[in-house]
Amino acid sequence: MDIGNCHVNEAGTKFLTCTVDDRAFDLLDAGHSNHLEIDRYIQQRNLSSRLLVYDTDNGNLLMDEVVHSAWVDHVQFSPVDDNIILYNHEWAAFDEGIRRMWLFDGRRHIRLRTEGDGRSRDDGVTHEMWERETGHLIYHGSYVSGVKFIGRITFDDPRNPSAGYTITEIPLPPECKKYGHFSVSNGHLLVSDGHYALPGEKESRGGEWITLFKPDWEKKTVELTPLCRHRSSWKSQEAHPHPVFNHAADAILFTSDFEGRRAVYRVDMEQ
């Protein structure tokens, strides 16, 4: 089995990781580099992933949950109930708009994004994460039309996802056209390393700015505040800025390689 990413619960008592059948990467060994082909290969051969939870004190295995026909990654404990786990189907080759984001609540695997109200199975969806305190989720993506959006899933009861939830998505303005990531603050702010672009800015896949996004989920509007250029080359995952708020939520930390090697930088936010 090949190991994916890892997470620790809020109390520091549980360690979460995921694995996938290493046969899933036979195509890479054969010289194929398209990750979408890996997902198709997994679906065709019904290869499985596992969600594994360990006790951080003694290393005992607390949970071993099989996820069939899936390349699972981006596993995250809910901040309000560590029996609830967010995960994805990585590099979904088809139906990404409805197959990317999942929850396991200890009993059921719940597929989160549905079609309807402007949403399509052919949309692109990515970078799902928990809001830090609420137990709700944010994510972003692109509609089939090419318009970028940010989304939020609000649970009727964050400790019981099966009780129901509401999906809200905000189409982003035309200047938000480049690839990037989002991360959450302690409050209602988001930060991105992409999306925003100045008029006439050079064509590139990845964005150039560290930008604050302040969404109004009820009105479905968003305010943008560019903070600084990150000047990353975007040449590798390690050079992607991946911005995060510091614990005080008064500064942004990000990675860039503009000085010739990767380093971590900080930009302060106006108070």
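The values are calculated or read from the model by the stated rules, or taken from the named source; none is laboratory data. Computed from a prediction, not measured in an experiment: that's the story for all the values here. For neighbour counting, all protein chains shown are included, and Cβ atoms are generated from backbone atoms with ideal geometry for every residue, glycine included. Please note that ligands, DNA and RNA were not included when accessible areas were found on the heavy atoms of the full protein model with its side chains. Shrake-Rupley method; radii C 1.70, N 1.55, O 1.52, S 1.80 Å.
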For segment 4-138, the percent of all C-alpha pairs falling in each 5 Å bin, from 0 up to the bin holding the max distance, is 2, 10, 19, 21, 19, 14, 9, 4, 1, 0
Which order do the peptides 84-90, 48-54 take when ranked by the mean count of other beta-carbon atoms within 10 Å per residue, highest first?
84-90, 48-54
Debye calculation, C-alpha points only, no solvent: report log10 I(q)/I(0) for the chain at q = 0.12, 0.14, 0.17 Å⁻¹, in the same order as the q values.
-0.80, -1.11, -1.55
Tally Lys and Arg at +1 and Asp and Glu at -1 over the other residues with C-beta under 11 Å from the C-beta of PHE149: what net charge comes out?
+2
Leaving ligands, DNA and RNA out of it, rank LEU62, LEU16 by accessible area with a 1.4 Å probe, largest first.
LEU62, LEU16
Reachable lysines from LYS219, Cα under 22 Å, same-chain residues fewer than 8 places away excluded?
LYS148, LYS177
When Lys and Arg each count +1 and Asp and Glu each count -1, what net charge do the other residues less than 14 Å away from ARG99, Cβ to Cβ, add up to?
-3
Can you show me the helix-derived [θ] at 222 nm for the chain, built from DSSP H runs with n ≥ 4 at -39,500 (n - 2.57) apiece and divided by the number of residues, rounded to the nearest 500.
-1500 deg cm²/dmol
Which order, highest average first, do 223-230, 176-183, 203-210, 156-163 follow once you tally other Cβ atoms within 10 Å for each residue and take the mean per peptide?
176-183, 203-210, 223-230, 156-163
Kindly report, to the nearest 10 Å², the accessible surface of MET129 as traced by a 1.4 Å probe over protein heavy atoms only.
40 Å²
Over the chain, what is the relative contact order in percent, taking alpha-carbon pairs closer than 8 angstrom and at least six residues apart?
9 percent
Counting Lys and Arg as +1 and Asp and Glu as -1 over every other residue whose Cβ sits under 13 Å from the Cβ of ASP122, the net charge comes to +1
Quick check: Cα centre of segment 202-271 to Cα centre of segment 36-80, how many Å?
30 Å
With every protein chain left in place, what is the accessible area per residue of the chain in square angstrom, probe 1.4 Å?
50 Å²
Could you size up the charge dipole of the chain around its Cα centre, putting +1 on the beta carbon of Lys and Arg and -1 on that of Asp and Glu, and report it in debye to the nearest 20?
520 debye
Once you have a ≥ b ≥ c as the square roots of the Cα gyration tensor eigenvalues for segment 155-271, tell me rounded if a/c is under 1.5, and otherwise prolate or oblate according to whether a/b is larger than b/c.
prolate
